[in-house]
There are 2 protein chains.
Amino acid sequence: MDAYIGPIAAILTTASFIPQVIQVLKTKNTEGISLGMYAMFVTGVFLWLIHGILIQDVPVIAANAVTFVLASIVLIFKIKSK
Amino acid sequence: MDAYIGPIAAILTTASFIPQVIQVLKTKNTEGISLGMYAMFVTGVFLWLIHGILIQDVPVIAANAVTFVLASIVLIFKIKSK
């Protein structure tokens, strides 16, 4: 059963940033979004990516590469809105 | 070196939700925040938590338990603001 739970969890937490990116691109509204959150989160995801490369784990690399790109888009829009 | 990168990554991605929760509690403004993102993210983190319990990995359990609580607060405020 856990063969399914891990991958579904990874897909959900990674893909969850897609609706946020779409909303930010459409509305350009980042008012309620915390700059501190995205600054820390993007840095953390980048370190997860390095960690994945060091331990040569493809799922960790793939999930964090995608999340890094998506969360960076939100961060850039948040910085631009300041 | 990777002995530091993994834990720092985990602390950053988990703690990143603290400034978002503080901002939402203070301002009650969730306008730019995507409901779809938090619905998917909270579900995904809950599945990560189950995954952690099944593989009996304390760091995975701890990080996802904290993130689940923090992201759930944001989700509840977002739902209430609708």
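One line per residue, one yes/no per condition, for (1) within 8 Å of another protein chain (Cβ to nearest Cβ); (2) touching a residue at least 24 places away in the same chain (Cβ under 8 Å); (3) under 24 Å from B:Pro19 (Cα atoms):
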{"position": "A:Leu12", "(1), (2), (3)": "yes, no, yes"}
{"position": "A:Phe17", "(1), (2), (3)": "yes, yes, yes"}
{"position": "A:Val21", "(1), (2), (3)": "no, yes, yes"}
{"position": "A:Leu49", "(1), (2), (3)": "no, no, yes"}
{"position": "A:Ile53", "(1), (2), (3)": "no, no, no"}
Has the range B:31-39 got at least one residue that is closer than 20 Å to A:Ala71 by Cβ, open to solvent by 80 Å² or more (accessible area, probe 1.4 Å) and in contact with a Ser or Thr (Cβ under 9 Å, 6 or more places away or on another chain)? yes
When you go through A:Val60, A:Val69, A:Val45 one by one, which is the residue that is under 18 Å from B:Thr13 (Cα atoms), under 11 Å from the mean Cα position of the chain (by Cα) and more than 8 Å from chain B (Cβ to nearest Cβ)? A:Val69
Listed residues B:Phe41, B:Phe77; which is touching a Leu at 6+ places or on another chain (Cβ under 9 Å), under 23 Å from A:Phe46 (Cβ atoms) and aromatic (Phe, Trp, Tyr)? B:Phe41
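The values are calculated or read from the model by the stated rules, or taken from the named source; none is laboratory data. As the structure is a prediction and not an experimental result, all values here were calculated from the model. Every residue, glycine as well, gets a Cβ built from its backbone with ideal geometry; the counts of neighbours run over all protein chains shown. Ligands, DNA and RNA are excluded from the accessible area calculation, which covers all protein heavy atoms including side chains. Shrake-Rupley method; radii C 1.70, N 1.55, O 1.52, S 1.80 Å.
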